[in-house]
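The values are calculated or read from the model by the stated rules, or taken from the named source; none is laboratory data. In this text the structure is predicted, and so the values were computed from the model without any measurement. In this analysis, Cβ positions are derived from the backbone assuming ideal geometry, glycine residues included, and neighbour counts consider all displayed protein chains. Please note that ligands, DNA and RNA were not included when accessible areas were found on the heavy atoms of the full protein model with its side chains. Shrake-Rupley method; radii C 1.70, N 1.55, O 1.52, S 1.80 Å.
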Amino acid sequence: MGAGHAHTLYRAGESPVHGLPPHCKILATLGFVLAVVATPREQIWAFAAYALLLAGVAACARVPLGHVAKRVLIEVPFVGFAFLLPFLATGPRVEVLGLEMSQNGLWGAWNILAKGTLGVIASILLATTTDPRVLLLGVERLRVPPLLTQIATFMFRYGDVVVEEMRRMKTARAARGFEARDLRDARILARSLGALFLRCFERGERVHLAMLSRGYDGRMPVLLRADASGGQWAASAILPAAAAAVSLAAWMAQWTFL
């Protein structure tokens with residue numbers, strides 16, 4: 001998959017979770033998320049069970065809870081709307097902490113927060129235990145079009161290069177006494193952005209020509225195999241199978257009380 005830089009999310013280790021093939025972990029995460037999404041929002045105990053399952057995976061992977069907790073904050077901008085639902089939604093009203101809120105809005109906010117948070121934690125655990133380059137290899141093993149995985153690979157590989165180029169351009173502007181103060185400086189920043197685009201485009205052309213000169217025919221050479229044994233498939237199926245059992249039990253409890 002080519003050389004690259006280690007992502008800040010990834011933590012190298014030798015746990016059983018780290019050792020699973022990437023495509024097995026991707027399918028396990030997807031199965032877990034689907035089970036969580038399918039769970040009735042009223043069955044609060046089920047979401048506590050999902051949290052325990054993820055805590056078990058984190059313990060098995062030897063991932064500190066603090067590592068996960070700090071990165072869960074990434075979801076805050078996306079679930080901010082959930083906090084407005086109790087005030088904006090219609091339907092029966094209830095009083096909570098002296099504030100009148102919509103009952104449907106409260107359930108909707110809980111639904112978004114619970115399912116969104118569990119999905120984010122599952123994704124963080126996947127990224128923490130799988131090197132990004134290996135993760136892209138697993139995506140390709142799942143029959144995702146090779147062109148898409150190659151684009152993602154180059155984005156990962158050259159992301160740091162583009163960021164460093166932006167730093168150099170910022171340093172050059174500062175050396176010439178430029179400091180953005182108001183909207184009148186947007187014209188200079190726009191020119192810098194255009195120059196950055198041209199440099200990236202020219203670099204991409206050079207990289208493509210170099211690949212063609214080395215025999216590139218539309219597929220990247222595979223430097224790492226990611227075959228999975230029956231035991232590894234069985235181990236990776238534990239999480240989604242347990243989540244599916246919890247979801248089924250939640251629906252049975254929901255139908256019982258209807």
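Sort through Arg62, Arg133, Arg143 and tell me the only one that's touching a Ser or Thr at 6+ places or on another chain (Cβ under 8 Å) and surrounded by fewer than 18 Cβ atoms within 10 Å (Cβ to Cβ).
One residue alone meets the criteria, Arg62.
Looking at Leu88, Leu126 in this structure, which one is among the hydrophobic types (A, V, I, L, M, F, W, C) and modelled with pLDDT under 80?
Leu88
Pull out all pairs, ordered by first then second residue, where Cβ-Cβ is under 7 Å, the residues are six or more apart or on different chains, the first lies in the stretch 142-167 and is aliphatic (A, V, I, L, M), and the second is assigned to a helix (DSSP H, G or I) and open to solvent by 60 Å² or more (accessible area, probe 1.4 Å).
No pair meets every condition.
Among residues belonging to the stretch 141-161 that are assigned to a helix (DSSP H, G or I) and in contact with a helix residue (DSSP H, G or I) (Cβ under 7 Å, 6 or more places away or on another chain), point out the one that is nearest to Leu20 (Cα to Cα).
Arg141
Scan the stretch 203-217 for residues that are assigned to a helix (DSSP H, G or I) and open to solvent by 100 Å² or more (accessible area, probe 1.4 Å) and jot them down.
Arg206, Leu209
Are any residues in the stretch 6-40 surrounded by 17 or more Cβ atoms within 10 Å (Cβ to Cβ), within 19 Å of Ala245 (Cα to Cα) and in contact with a Lys or Arg (Cβ under 8 Å, 6 or more places away or on another chain), and if so, which ones?
Val36, Thr39 - these are the residues of the stretch 6-40 that are surrounded by 17 or more Cβ atoms within 10 Å (Cβ to Cβ), within 19 Å of Ala245 (Cα to Cα) and in contact with a Lys or Arg (Cβ under 8 Å, 6 or more places away or on another chain).
Any idea which residue in the stretch 111-129 is nearest to the chain's Cα centre (by Cα), counting only those that are over 25 Å from Leu85 (Cα atoms) and open to solvent by 20 Å² or more (accessible area, probe 1.4 Å)?
Ser123
Counting only residues that are open to solvent by 100 Å² or more (accessible area, probe 1.4 Å) and not in a helix (DSSP H, G or I), how many does the stretch 162-193 have?
Qualifying residue count, the stretch 162-193: 3.
Mind checking whether some residue in the stretch 176-198 is closer than 30 Å to Pro21 by Cα and in contact (Cβ under 8 Å) with a residue 12 or more places away in the chain?
no
Going residue by residue through the stretch 244-254, is there one that turns out to be surrounded by 14 or more Cβ atoms within 10 Å (Cβ to Cβ), at pLDDT 90 or above and closer than 29 Å to Ala152 by Cα?
The answer is no; no qualifying residue exists.
Just to check your reading of the model, which residue among Val72, Val96 is open to solvent by less than 60 Å² (accessible area, probe 1.4 Å), out of contact with any Lys or Arg (no Cβ under 9 Å at 6 or more places or on another chain) and either small (Gly, Ala, Ser) or free of Cβ contacts under 8 Å to residues at least 24 places away in the same chain (or both)?
Sole residue among the options that is open to solvent by less than 60 Å² (accessible area, probe 1.4 Å), out of contact with any Lys or Arg (no Cβ under 9 Å at 6 or more places or on another chain) and either small (Gly, Ala, Ser) or free of Cβ contacts under 8 Å to residues at least 24 places away in the same chain (or both): Val96.
Could we say that Ala235 is under 30 Å from Gln43 (Cβ atoms) and either among the acidic types (Asp, Glu) or surrounded by 13 or more Cβ atoms within 10 Å (Cβ to Cβ) (or both) here?
When the stated conditions are applied, Ala235 passes them.
State all residues of the stretch 67-99 that are among the acidic types (Asp, Glu) and within 17 Å of Leu113 (Cβ to Cβ); if no residue qualifies, say none.
Within the stretch 67-99, Glu75 is the sole residue that qualifies.
In this structure, is Gly105 touching an Asp or Glu at 6+ places or on another chain (Cβ under 9 Å), surrounded by 12 or more Cβ atoms within 10 Å (Cβ to Cβ) and either within 30 Å of Gln43 (Cα to Cα) or without any contact (Cβ under 8 Å) to a residue 24 or more places away in the chain (or both)?
no
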